[in-house]
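Here is the structure we will look at, set down as structure tokens.
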Amino acid sequence: MTRSQDLFARASALVPGGVNSPVRACVSVDAEPLFIESARGGTISTVDDVTLVDFVQSWGPMLLGHAHPQVNEAIKRAVDRGTSFGAPCEDEVRLAEAVLEALPAMDMVRMVNSGTEATMSALRLARGVTGRNKLVKFEGCYHGHGDAFLASAGSGVATLSIPGTPGVPEAVVADTLVAPYNDLEAVNRLFTLHGKDIAAVFVEPAAGNMGLVPAADGFLQGLRQLCDTHGALLVFDEVITGFRVSYGGAQQRFAVTPDLTTLGKIIGGGLPVGAYAGKREFMRHIAPSGGVYQAGTLSGNPLAMAAGLATLSILKQSDYAGLERKVEELCRELEHTFAARGIPVFITRLASMFTIFFSTEAVSDFASAKKSDAKRYSRYFQHMRARGFFLAPSAFETAMASFAHTDEQFAGFIEATAAFSG
């Protein structure tokens, strides 16, 4: 028995499913989880002293790679000053300035502790500002595990094929309206029926939790127009795309301005942090400025703020276009490699993200994503792990490249794929 197997057996008696987040259990890929000892750059090392090239990158935030020396040094300096104050610190102000400089359409930002907390808070704010209750979300988009968002959610809910939303009262999701991703006409119909009651439209500007599904041309612009017409707020969930698809996020890349933006762990260098930002006219409603209440003892934690400042200062100077070219070339080579073996794939990519759908048709929404061959993905996952490459243990997640990945690691990915028989 390996140490990972031993630890998983012990954990299974102590922790539900043996893991502290569902997809990590690797159920959908017929495997058991690897327990990680350490990570550095583009690799992770297990407790069994096996090193793998990591294309999960802690589900996205490690765009600089693991254990970046400047980020680590910033954390070490912060630790010496204290790990939690429950009171303001200077780095909160400095990180807020950095985030708002990167997202110029946003005027104010509130730090929280996770992407889930950010989206829950943004929804409460949207409801408080508009006096309305309903929200529009999209099939397969995942906005954290807040009750109202678990209607037709992607990510782990899709991976584990959990029906409905057990534990969530029907009344809670009664105000959640769901449309297919990239279907602007469906959203228009929802506004025609419920326009006066819709507080907000929540959207991943590039869906990353049904696999990567980029927004179709005109989709985000159409949502902006519908929200303006009906007085609803447009909320971009940039927990994945923020600072990854460009330094200014998807809103900068696609030139569409949301009313509110949610951000995740990348602004804390991978530490537990999130944020929601928005126009001043909306954010001033948050307590103590206004009556919409949201609080958190660990919000603005000094370790996360220090790590975030270091991360953003490096990302601001990073060659996003260069990394995107590498991922584009990787995906092109992967397409040729699979085609040479007669294995049908549809590969989506955006910036440093990509997904290999084992599918004979294009993927543009959750319905088409679910038609991909999850069993073949399971075999591919096992094949790649055996050859030293760590992929997301789900067909409905996104592969993440980092600035730390080397040309040799990209080439090795293609070489390992070439040995996959299907």
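The values are calculated or read from the model by the stated rules, or taken from the named source; none is laboratory data. A quick note: this is a predicted structure, and the numbers were derived from the prediction, not measured. FYI the Cβ positions are ideal-geometry reconstructions off the backbone, even for glycines, and counts take in every protein chain you see. Remember, those area values only see protein heavy atoms, side chains included, never the ligands or the DNA or RNA. Shrake-Rupley method; radii C 1.70, N 1.55, O 1.52, S 1.80 Å.
Sorted largest first by accessible area at a 1.4 angstrom probe radius, with every protein chain in place, the residues ARG127, ARG349 fall in the order ARG349, ARG127.
Taking only protein heavy atoms and a 1.4 Å probe, the accessible area of the chain is 51% carbon and sulfur. Counting only DSSP beta bridges with both residues in the chain, what percent are antiparallel, rounded to the nearest 5? Among the beta bridges of the chain, antiparallel pairing accounts for roughly 60 percent. When only the Cβ of Lys, Arg, Asp and Glu is charged (+1, +1, -1, -1), the dipole of segment 292-392 relative to its Cα centre reaches about 400 debye. Counting lysine pairs in the chain that sit 8 or more residues apart in sequence, or on different chains, and whose Cα atoms lie under 26 Å apart gives 15. The candidates GLU335, GLU324, GLU397, arranged from most to least accessible area with a 1.4 Å probe in the full protein assembly, appear as GLU335, GLU324, GLU397. Distance from the C-alpha centroid of segment 44-81 to that of segment 247-265: 25 Å, rounded to the whole angstrom.
Rg over Rh for segment 197-299 works out to 0.98, using Cα positions for both radii and the Kirkwood form for Rh. Distance between Cα centroids, segment 371-406 to segment 295-362: provide it in whole Å. Spelled out, the Cα-based centre of one part sits 13 Å from the other. Our helix-only sum for the chain, with -39,500 (n - 2.57) per DSSP H run of n ≥ 4 divided by its residues, gives a mean residue ellipticity at 222 nm of -11000 deg cm²/dmol. Of the Cα atoms belonging to segment 102-149, the radius of gyration and Dmax stand at 11.9, 31 Å. Taking the Cα atoms of segment 242-364, the ratio Rg/Rh between the radius of gyration and the Kirkwood radius comes to 1.10. Using every pair of separate Cα atoms, the Kirkwood estimate puts the hydrodynamic radius of segment 75-219 at 17.4 angstrom.
Note on the chain: dipole from Cβ charges, positive end direction compared against GLY322, LEU303, GLY218; the farthest Cα belongs to LEU303.
Residues of the chain: accessible area per residue at 1.4 Å, in Å²? Computed with neighbouring chains in place, this is 42 Å² per residue. When only alpha carbons of segment 38-160 are considered, Rg and Dmax amount to 18.6, 55 Å. Couplings 3J(HN,Hα) for segment 317-323, derived from phi with the Karplus relation 6.51 cos²θ - 1.76 cosθ + 1.60 (θ = phi - 60°), are 9, 7, 8, 4, 5, x, 5 Hz, where x marks Gly and Pro. Evaluated at q = 0.06, 0.07, 0.12 Å⁻¹, a Debye calculation over the C-alpha positions of the chain (equal weights, vacuum) places log10 I(q)/I(0) at -0.23, -0.32, -1.00.
For segment 193-343, the Cβ-based charge dipole about the Cα centre amounts to some 320 debye (Lys, Arg positive; Asp, Glu negative; other atoms uncharged). For GLY144, neighbours were defined as the other residues whose beta-carbon sits under 9 Å from its Cβ, and their charges (Lys and Arg +1, Asp and Glu -1) total -2.
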